[in-house]
1. Tell me which residues, restricted to the range 241-265, are touching a strand residue (DSSP E or B) at 6+ places or on another chain (Cβ under 8 Å), under 21 Å from Lys184 (Cα atoms) and in a loop (DSSP other than H, G, I, E, B).
2. Checking the conditions here, which among Ala225, Ala216, Ala268, Ala165 is in a helix (DSSP H, G or I), within 17 Å of the chain's Cα centre (by Cα) and of a type outside the set (D, E, K, R)?
3. In the range 228-240, which residues are assigned to a strand (DSSP E or B) and either at pLDDT below 95 or among the aliphatic types (A, V, I, L, M) (or both)?
4. Quick one: which residue in Asp200, Asp212 is in contact with a strand residue (DSSP E or B) (Cβ under 6 Å, 6 or more places away or on another chain) and either open to solvent by 10 Å² or more (accessible area, probe 1.4 Å) or more than 16 Å from Ala117 (Cβ to Cβ) (or both)?
5. Just give me the residues in the range 14-53 being closer than 12 Å to Arg298 by Cα and of a type outside the set (Val, Ile, Thr), in sequence order.
6. Of everything in the range 55-98, what is assigned to a loop (DSSP other than H, G, I, E, B) and either surrounded by fewer than 13 Cβ atoms within 10 Å (Cβ to Cβ) or in contact (Cβ under 8 Å) with a residue 24 or more places away in the chain (or both)? Give them in sequence order.
7. Which residues, counting only those in the range 99-134, are touching a strand residue (DSSP E or B) at 6+ places or on another chain (Cβ under 6 Å) and either under 18 Å from Val63 (Cβ atoms) or assigned to a loop (DSSP other than H, G, I, E, B) (or both)?
Amino acid sequence: MSIRSFLPGRIGFGTAPLGNMFRAIPDEEAAATVQAAWDQGIRYFDTAPLYGAGLAELRLGEVLTGKPRDEYVLSTKVGRIILDEVEDPAARELGEKGALFEHGRPNKMVNDYSADATLRSVEDSLKRLGTDRIDIVWVHDIAQDFYGDDWVGVYESARTGAFRALTRLREEGVIKAWGIGVNKVEPLEMTLDLEEPRPDAFLLAGRYTLLDHARALQRLLPAAAEQGVDIVVGGPYSSGILAGGSHFEYAEAPAHIVDKVGTIKALAQQHGIGIKSAALQFVLAHPAVAAAIPGATRPSRIAEDLAALVEPVPYAFWKALREQKIIAHDAPVPLGEAA
């Protein structure tokens, strides 16, 4: 099923920050941010067990439990089981992401992409979220950034386990759709080459943004569009550097990225627009992209995102980005080539 048929808009809410990513967020601030998203019309929420060892799911569920379930779309992820026993969050092995959720819950996380673990993960997420159903389930992080040279073996475990289990859940009507949620292009390209099983969509974080999109443009996005596999873009602000923050790829941004963002900011100011508008509208301009899900930890950020979605951006700005080689010459832009 095309997720476009039931997604309630082109912008959703990514809850990774609610798992205390980078910093410890008070419960009240987290709840106020989710409530602000709801109050301003956001009806698609994405979460995952990884985010703070279940913390983001718990916080999201506390707010959404009081909302009519038919009025919103919910996605979460599988691949990690959260246990009752505890560990040091800062000592977890998260590949390139290091101590990303060191401020999250101390519950031990076990990586497991088998069919049985997938079904257990869905059941556990339902309990944490306080809901009776999940609309979209993503198979989480089966890529190089978390598993290094072992990633292909992990992918194969998911292909024979999670992929098949989620296909059954979709066929039984338990979920509406399933896909893969990663920060790398290669696992998605590999999946498009499979005869079966067939995912409905991909959640691609950080690989189709103003700062990094060349690889996805080459093959992934055209092939996904041809096969009817929708793309949801996660991390449209590249971990925050395109929204006034200092992080890129979940770490402090290196000098060359800071310089590149400086160029984009200068051009945005020159054309009288916000850099958030440029970042968000760029990712949504590609026909393969169904939605984007920026994250937030403060209620005010929601209004900024929604304003960025509709701010008029002159074609001259996109032309300038091309001339400066910030964006690829063949990357679609909102106003089209004829503008």
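1. Matches in the range 241-265: Ala253, Pro254.
2. One residue alone meets the criteria, Ala216.
3. Looking only at the range 228-240, we keep the residues that are assigned to a strand (DSSP E or B), and these are 230-234.
Ile231, Val232, Val233, listed by residue number.
4. On the way: Asp212 fails: in contact with a strand residue (DSSP E or B) (Cβ under 6 Å, 6 or more places away or on another chain).
The unique qualifying residue is Asp200.
5. Pro17, Leu18, Pro26, Asp27, Glu28, Glu29, Ala30, Ala31, Ala32, Gln35, Ala36, Ala37
6. First, pick out the residues of the range 55-98 that are assigned to a loop (DSSP other than H, G, I, E, B): 65-68, 72, 79, 87-88, 92-94, 98.
Passing the criteria: Thr65, Gly66, Lys67, Pro68, Tyr72, Gly79, Asp88, Glu93, Leu94, Gly98.
7. Those that are touching a strand residue (DSSP E or B) at 6+ places or on another chain (Cβ under 6 Å) and either under 18 Å from Val63 (Cβ atoms) or assigned to a loop (DSSP other than H, G, I, E, B) (or both): Pro106, Asp112, Ser125, Ile134.
A quick yes/no check of all residues on (1) among the small types (Gly, Ala, Ser); (2) surrounded by 22 or more Cβ atoms within 10 Å (Cβ to Cβ):
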{"position": "Ile231", "(1), (2)": "no, yes"}
{"position": "Gly235", "(1), (2)": "yes, yes"}
{"position": "Ser238", "(1), (2)": "yes, yes"}
{"position": "Ala243", "(1), (2)": "yes, yes"}
{"position": "Phe248", "(1), (2)": "no, yes"}
{"position": "Glu252", "(1), (2)": "no, no"}
{"position": "Ile257", "(1), (2)": "no, no"}
{"position": "Ala268", "(1), (2)": "yes, no"}
{"position": "Ala278", "(1), (2)": "yes, yes"}
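The values are calculated or read from the model by the stated rules, or taken from the named source; none is laboratory data. Everything quoted here is computed from the prediction, not taken from an experiment. Counting neighbours? That spans all protein chains shown, and the Cβs are built from the backbone with ideal geometry, glycine included. Ligands, DNA and RNA are excluded from the accessible area calculation, which covers all protein heavy atoms including side chains. Shrake-Rupley method; radii C 1.70, N 1.55, O 1.52, S 1.80 Å.
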